Amino acid sequence: MATKFLSPKLHNTFPSFTRFLNSASTASLAAVASLNFDDSLKQESITNATLDLDDHQRLFGSIPTLNLLRSSANLGLAANERFVDFGMWIMNSRLMETSLVRDAILKTVKHTFFQHFCAGETTEEVADCVRRIHDKSFRGMLVYAVEHTSDNAGCDRNLEGFLGSVELAKSLPASSVSFVIAKITAICPIGLLKRVSDLLRWQYKDPSFYLPWKLNTLPIFSDSSALYHTLEKPAPLSPKEESDLQLAHQRLLELCQKCVQDNVALTIDAEDTSIQPAIDYFTYSSAIMYNQDDNPIVFGTIQAYLKDAKERLFVTTKTAQSLGIPMGFKLVRGAYMSSESKLASLLGYDSPIHNSIQETHACYNDCASFMLERIADGYGAVVLATHNVESGQLAASKACDLGIQKGNQKLEFAQLYGMSEALSFGLRNAGFQVSKYLPYGPVDMVMPYLLRRAEENRGLLSTSSLDSVLI
């Protein structure tokens, strides 16, 4: 099975690295991990006023007053924690099993939160949304908003949706779409991702543990990675599981090949730590095959709220660079704060999440600084996905200090559609490339995404009033 997907480039050019990449042992990574990055990652002070976030007329002057009022109302409701709790209770209650109630609720959601945070239900609506934001000099990140899937039939359907996103991107003006976003949980059964993650964790603990199905990959763990999810040696994959894993690989490779054919970059979203090792494995094995000639097609995602995020980014990037594989990353803060801490506590371990928001901010800024320095040296690419104004200002200032041209295709800022508009417009006005993350699909299919946005961003929406004040 493994030989079917092995990268000819890697075997022919770097045969001595095959065992290193497959084992990804602590010893083999020690030399890379021991490099001193701290001196090069000191937080830069803002030396010039790159972003102007005070001039509300310049920021929002192109938006009709009615749209501003609607945005203000939606942001106000989303920032109300009691309202969010009540909405989530309704959406998860048995009331949704009554067709009339369900239809009424979905209709209400469609004309409020869905309209504010999503690009539409159909490809035609999404195309119109992309054109509207492109008229304001933003680009779109197309997100067919399917998530966890438990069977191969569902995975096949989701793959068709992702392939449709690439087709949609191809049909739109070349500069209007920056990325297509995919979730591995939508094309590989969730139970299998947990099994593969367990096996990868155990191999990191015991490099002699052989995984016959494992493809060439980049380092997935670091010495600081939490491994408490796998406390006992897991059983090998069954023949059925190996077959399903091969099918999942084939789906991802078909998507990657489509992206290469149509020259559309693909970003793989991150998930919680119980399945993230498998997601990184899929991402990095595909990147080895398709990221060539200083043109990263496959991007991974690093969640900076994890304590091991910075070290994993350093080790993976340095290893990829040494192998001549251009690697792109989307940097985010993270999305599973409550569930990660609860699971770790239940198992009697410290949370894998930083102990304070200040530590998360520092980690994010260090990771951004590291990637900007790589870009200045001519390597890799980064999407700085942040709603934090200070992080945006620091990164913009750092890019200027390093001499990175504002139109450099290897640097992209990004915010969720309907959020942090002031930061988006400020970065755009300063000359940087800015994308908006555009989830789309039927309202009932996108509901899990909307519920997660409400849960994850309640703190952000309730504590950050910049957009509301400016509006």
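The values are calculated or read from the model by the stated rules, or taken from the named source; none is laboratory data. These figures come from a predicted structure and were not determined experimentally. Note: ideal-geometry Cβ built from the backbone for every residue, glycine included; neighbour counts use all protein chains shown. Each accessible area value is taken on the protein alone, full model and side chains, heavy atoms only, with ligands, DNA and RNA left out. Shrake-Rupley method; radii C 1.70, N 1.55, O 1.52, S 1.80 Å.
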Computed for the chain: size of charge dipole around the Cα centre, +1 on C-beta of each Lys and Arg, -1 on C-beta of each Asp and Glu, debye to nearest 20, value 400 debye
The answer for the net charge of residues other than Gln358 whose Cβ lies under 14 angstrom from its Cβ, with Lys and Arg +1 and Asp and Glu -1, is -1
Given pairs Lys110/Lys170; Lys110/Lys436; Lys183/Lys205; Lys136/Lys310; Lys205/Lys330 and cut-off 23 Å on Cα-Cα distance, the over-length ones are Lys110/Lys170; Lys183/Lys205; Lys136/Lys310; Lys205/Lys330
Farthest towards the positive end of the dipole of the range 142-440, among Cys400, Ile302, Leu372 and with Cβ unit charges of +1 on Lys and Arg and -1 on Asp and Glu, lies the Cα of Cys400
Computed over the chain, the relative contact order (Cα-Cα under 8 Å, seq sep at least six) in percent reads 24 percent
Note to self: with every protein chain in place and a 1.4 Å probe, the range 61-105 gives an accessible area per residue in Å² of 69 Å²
Ordering Trp202, Trp213 by the accessible surface of their heavy atoms, 1.4 Å probe, largest first, yields Trp202, Trp213
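Looking at the square roots a ≥ b ≥ c of the eigenvalues of the Cα gyration tensor of the range 76-199, which shape do they give, rounded for a/c under 1.5, prolate if a/b is larger than b/c, or oblate?
Numbers: a/c = 1.90, a/b = 1.08, b/c = 1.75.
It comes out oblate by the Cα gyration axes.
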Under the 7 Å Cα-to-Cβ spin-label approximation, Glu390 and Gln358 lie apart by a distance in nanometres of 0.9 nm
Row for the range 331-471, column shape: gyration tensor on C-alpha, a ≥ b ≥ c, rounded if a/c < 1.5 i.e. under 1.5, prolate if a/b over b/c, else oblate; value oblate
Checked the range 250-293 with the C-alpha gyration tensor, a ≥ b ≥ c its square-rooted eigenvalues, rounded below a/c of 1.5, otherwise prolate if a/b is larger than b/c and oblate if not; verdict prolate
Applied in sequence order to the range 295-308, the curve 6.51 cos²θ - 1.76 cosθ + 1.60 (Karplus, θ = phi - 60°) yields integer Hz couplings, x standing for Gly and Pro, of 10, x, 8, 9, 10, x, 10, 10, 9, 6, 6, 7, 5, 9
Rounded to the nearest 10 Å², the 1.4 Å probe accessible area of His148 is 110 Å²
The answer for the chain, counting only DSSP H helices whose Cα atoms cover 27 angstrom or more along the axis and whose Kyte-Doolittle average is 1.0 or greater, is none
Summing -39500 (n - 2.57) over every DSSP H run of at least 4 in the chain, dividing by its residue total and rounding to the nearest 500, the 222 nm mean residue ellipticity is -16000 deg cm²/dmol
Reduced to Cα centres, the span from the range 192-209 to the range 57-116 in Å works out to 42 Å
The answer for the range 142-440, accessible area per residue at 1.4 Å probe in Å², is 32 Å²
Counting only protein heavy atoms with a 1.4 Å probe and every protein chain in place, the carbon and sulfur fraction of the accessible surface of the range 242-290 in whole percent equals 42 percent
With every protein chain kept in place and a 1.4 Å probe, the residues Arg374, Arg58, Arg94 fall, from largest accessible area down, as Arg94, Arg58, Arg374
